[in-house]
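Here's the structure we're looking at; comments come further down.
The values are calculated or read from the model by the stated rules, or taken from the named source; none is laboratory data. Please read all numbers here as calculations on a predicted model, not as lab measurements. Neighbour counts run over all protein chains shown; Cβ positions are idealised from the backbone, glycine included. The protein model used for the area step is the full one, side chains on, heavy atoms only, and it has no ligands, DNA or RNA in it. Shrake-Rupley method; radii C 1.70, N 1.55, O 1.52, S 1.80 Å.
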Amino acid sequence: MPTETFEAYRLPEEHEAVREAVRAVCDAKVAPNAAEADETGEFPKASYEALRAADFHAPHIPEQYGGAGADALATAMVIEEVARACAATSLIPAVNKLGTMPLLLAGSEELKRQFLPPVASGEAMFSYCLSEPEAGSDAAAMTTRAVRDGDHWVLDGVKRWITNAGVSRYYTVFAVTEPGVGAKGISAFVVDKSDPGVSFGAPEKKLGIKGSPTREVYFDGVRIPADRIIGEPGTGFATAMRTLDHTRVTIAAQAVGIAQGALDFSAKYVTERTQFGKPVADFQGIQFMLADMAMKLEAARQLTYAAAARSERGDTDLTFFGAAAKCYASDTAMQITTDAVQLLGGYGYTRDFPVERMMRDAKITQIYEGTNQVQRIVMARQLLKAFR
Ligand code: CAA
């Protein structure tokens with residue numbers, strides 16, 4: 001085979017350069033804040049500023065809106081590297097992409113020009129409001145209403161599990177504009193937290209990703225200009241799903257990063273920890289565990305990058321790949337972080353070492369942006385479509 005064929009399987013140099021640059025920033029300025037953010041549950045402002053100074057806070061925003069213009073693979077690699085240091089902080093670039101993706105996919109040029117530049121500059125963050133107390137996996141069962149009133153829409157309802165709520169200035173909000181027709185009666189809107197009638201619930205007390213606030217968002221007669229609708233009325237649910245096709249790839253990347261952080265820490269630890277007169281890394285039982293962890297991690301990374309390439313190209317099989325990457329990488333991250341705790345023994349179970357935090361952080365990647373049960377539904381539907 002000609003050399004170029006093999007070259008195609010290597011990442012481009014500029015992508016590897018992105019990895020190096022993000023890793024340097026995160027080792028120096030994000031990792032040192034991770035334990036404190038986990039302990040206090042405070043949003044890690046210093047980590048945000050470090051990402052913002054290096055333009056890694058919302059790398060996917062296109063250059064014409066003032067952004068860094070990173071492609072889907074580079075964006076995934078940024079999220080992966082930030083997650084290796086601090087999973088909660090990696091939700092800054094991840095959720096900025098999630099919140100703005102509906103605009104990028106379906107928004108008017110005016111909306112994009114108004115709302116994307118402040119995210120690109122880091123003045124504002126952007127969250128995504130889909131889930132509700134009674135509409136989680138069954139997202140189309142939402143009851144938040146948007147009613148047209150002259151030149152305005154008026155929104156009423158409650159969204160739950162909203163990542164970065166309160167810290168973000170802007171919100172993509174999905175609401176029913178035509179009741180009784182299910183998914184086809186849902187529309188998407190941009191809401192500013194300063195719009196009268198927007199308020200937030202208390203921060204949820206979570207198992208992990210504690211430095212990333214998760215809160216309810218309340219819409220109480222929120223009146224917004226009619227042109228804040230994203231796309232045509234009735235297209236909101238499809239926009240929500242198309243968004244998730246792209247951003248499940250970023251959750252896969254987050255999971256890969258968390259797992260890499262746990263593998264790196266535990267592999268170093270076993271070379272230093274001595275029992276029975278030698279480093280525990282000399283025992284084959286430990287070596288087999290490490291080998292399995294590294295093998296599964298690399299498989300998850302390759303699937304994630306393959307999905308990122310499909311996200312960048314907008315391939316028709318992205319729906320399958322996004323779900324597969326998210327599901328596989330998050331299940332893998334859960335196994336690897338659990339094994340990392342095991343490798344550290346009793347020490348791994350304490351907060352004196354970061355692997356128990358990584359294990360707690362990994363758990364959410366199996367749940368948000370669609371549980372892994374939902375990902376299997378999505379994959380099976382795509383698979384069976386070809387045979388029906
Ligand atoms: N792209 C485009 N359109 C799509 C689509 C996609 N990927 N998936 C569905 N649609 C369209 C369908 O074509 C259909 O339209 P037509 O009738 O015109 O064909 C319409 O949307 C309804 O689709 P379904 O019939 O498949 O809808 P459903 O009610 O059966 O639901 C589901 C499908 C996959 C279960 C979906 O509800 C789902 O993904 N649920 C999980 C929700 C989720 O991921 N929530 C995450 C919240 S965000 C979050 O977690 C953020 C965070 O904290 C970081």
### Query
Out of the range 180-205, which residues are in contact with a strand residue (DSSP E or B) (Cβ under 6 Å, 6 or more places away or on another chain), over 15 Å from Gly157 (Cα atoms) and open to solvent by 20 Å² or more (accessible area, probe 1.4 Å)?
Pro203, Glu204
### Looking only at the range 352-374, and only at residues there that are outside any helix (DSSP H, G or I) and open to solvent by 40 Å² or more (accessible area, probe 1.4 Å), the one that is farthest from the ligand (Cβ to nearest atom)
Asp352
### Query
Can you tell me which residue in the range 271-281 is farthest from the ligand (Cβ to nearest atom), limited to those that are open to solvent by 40 Å² or more (accessible area, probe 1.4 Å) and of a type outside the set (Asp, Glu)?
Gly277
#### Entry: helices (runs of 4 or more DSSP H) fully within the range 1-100 counting 3 or more residues that are surrounded by 14 or more Cβ atoms within 10 Å (Cβ to Cβ) and touching a residue at least 12 places away in the same chain (Cβ under 8 Å)
13-29, 31-40, 45-53, 72-85
### Task
Consider Trp161 carefully, then state whether it is touching a residue at least 12 places away in the same chain (Cβ under 8 Å) and more than 26 Å from Pro203 (Cα to Cα).
no
### Query
Of the residues that sit in the range 161-171 and are within 10 Å of the ligand (Cβ to nearest atom) and assigned to a strand (DSSP E or B), which one is nearest to the chain's Cα centre (by Cα)?
Thr163
### Query
Which one is surrounded by the fewest Cβ atoms within 10 Å (Cβ to Cβ), of the residues in the range 135-150 that are closer than 20 Å to Val198 by Cα and more than 12 Å from the ligand (Cβ to nearest atom)?
Asp149
### Query
In the range 213-243, what residues are in contact with a strand residue (DSSP E or B) (Cβ under 6 Å, 6 or more places away or on another chain), surrounded by 17 or more Cβ atoms within 10 Å (Cβ to Cβ) and not in a strand (DSSP E or B)?
Arg228, Gly236, Phe237, Thr239, Ala240
#### Entry: Condition met for Lys210 (surrounded by 15 or more Cβ atoms within 10 Å (Cβ to Cβ) and either among the polar types (S, T, N, Q) or outside any helix (DSSP H, G or I) (or both))
yes
### Message
Anything in the range 61-107 that is over 25 Å from Arg357 (Cβ atoms) and within 15 Å of the ligand (Cβ to nearest atom)? List them, or say none.
### Response
Gly99, Thr100, Met101, Pro102, Leu104, Leu105, Ala106
### Message
Tell me yes or no: at least one residue of the range 251-270 is farther than 23 Å from Glu81 by Cα, within 16 Å of the ligand (Cβ to nearest atom) and either modelled with pLDDT of 95 or more or open to solvent by less than 30 Å² (accessible area, probe 1.4 Å) (or both).
### Response
no
### Message
Looking only at the range 295-351, filter to residues that are in a helix (DSSP H, G or I) and of a type in the set (Val, Ile, Thr); which one of those is nearest to Lys385 (Cα to Cα)?
### Response
Thr319
